[in-house]
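The values are calculated or read from the model by the stated rules, or taken from the named source; none is laboratory data. Given the structure is predicted, the values throughout are model-derived calculations rather than measurements. Ideal geometry is used to build each Cβ from the backbone, glycine not excepted, and the neighbour counts take in all protein chains shown. These area figures cover heavy atoms from the full protein model, side chains too; ligands, DNA and RNA do not enter into them. Shrake-Rupley method; radii C 1.70, N 1.55, O 1.52, S 1.80 Å.
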Amino acid sequence: MYEKLTYSGTECNNYLYFSFDAEYFDTKEITAKLNIEPTSVMIKKEPVPKSTAWIYRIEAGNELDLETFLEKLIDIFEPKIEIINNLKGKLNLTTRIQFVIDIDINPDSSTPYFGLNKRTIDFLAKTETQVDFDLYKSDTIGLLEKLNE
């Protein structure tokens with residue numbers, strides 16, 4: 001019963017990524033124009049995935065300071081704002097920064113944190129990039145296992 005509630009397991013594995021998204025597009029063109037290799041690519045198929053995505057992911061593991069990792073992402077893509085906007089216009093793409101965050105249900109654990117500083121907000125505005133958050137529960141103390149017994 002409890003595993004249906006955005007449950008990610010017994011370890012925290014936070015990450016974030018920058019992506020280009022659309023129904024169909026040539027992901028190789030993104031790689032060539034940005035001169036950045038994606039960490040993954042999804043190509044639309046039936047029934048899933050429902051869209052195509054070019055993804056550059058940064059792992060944060062169980063680190064709580066996600067702002068440091070967000071800054072690394074901005075460091076990579078900020079110099080390429082003009083290229084990003086040209087690709088978005090030419091290929092009819094959207095861009096997104098996605099946070100995937102595990103929150104430890106252990107009451108003694110801290111929760112992950114980050115801020116959106118002026119530089120990040122400026123990047124998001126200039127590229128018209130959406131920000132999404134996926135939050136999951138992580139159970140490092142085995143509480144959910146005890147409840148399911």
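Side notes on the structure shown:
- Test result for residue 146, at pLDDT below 95, touching a Phe, Trp or Tyr at 6+ places or on another chain (Cβ under 9 Å), of a type in the set (Lys, Arg) and not in a loop (DSSP other than H, G, I, E, B): no
- Number of positions in region 55-73 that are within 15 Å of residue 38 (Cα to Cα), of a type outside the set (Asp, Glu) and in contact (Cβ under 8 Å) with a residue 40 or more places away in the chain: 3
- Subset of region 97-127 [surrounded by 13 or more Cβ atoms within 10 Å (Cβ to Cβ), touching a helix residue (DSSP H, G or I) at 6+ places or on another chain (Cβ under 9 Å) and under 19 Å from residue 61 (Cα atoms)]: 97, 99, 101, 105, 106, 112, 114
- Hits in region 57-96 (condition: open to solvent by less than 50 Å² (accessible area, probe 1.4 Å), closer than 14 Å to residue 16 by Cβ, at pLDDT 95 or above and not in a helix (DSSP H, G or I)): 58, 95, 96
- Taking first residues from region 18-42 that are part of a loop (DSSP other than H, G, I, E, B) and partners that are of a type in the set (Phe, Trp, Tyr) and open to solvent by less than 40 Å² (accessible area, probe 1.4 Å), the Cβ contacts under 7 Å between residues at least 6 apart in sequence or on separate chains come to 38/54.
- Test result for residue 50, outside any helix (DSSP H, G or I), within 19 Å of residue 22 (Cα to Cα) and among the basic types (Lys, Arg): yes
- Among the residues listed as 76, 83, 101, the single one being out of contact with any strand residue (DSSP E or B) (no Cβ under 9 Å at 6 or more places or on another chain) and touching a residue at least 24 places away in the same chain (Cβ under 8 Å): 83
- Some residue of region 20-39 being of a type outside the set (Asp, Glu), farther than 25 Å from residue 137 by Cα, open to solvent by 60 Å² or more (accessible area, probe 1.4 Å) and in contact with a helix residue (DSSP H, G or I) (Cβ under 9 Å, 6 or more places away or on another chain): yes
- Condition check for residue 11: open to solvent by 60 Å² or more (accessible area, probe 1.4 Å), of a type outside the set (Ser, Thr, Tyr), modelled with pLDDT of 95 or more and over 15 Å from the mean Cα position of the chain (by Cα): no
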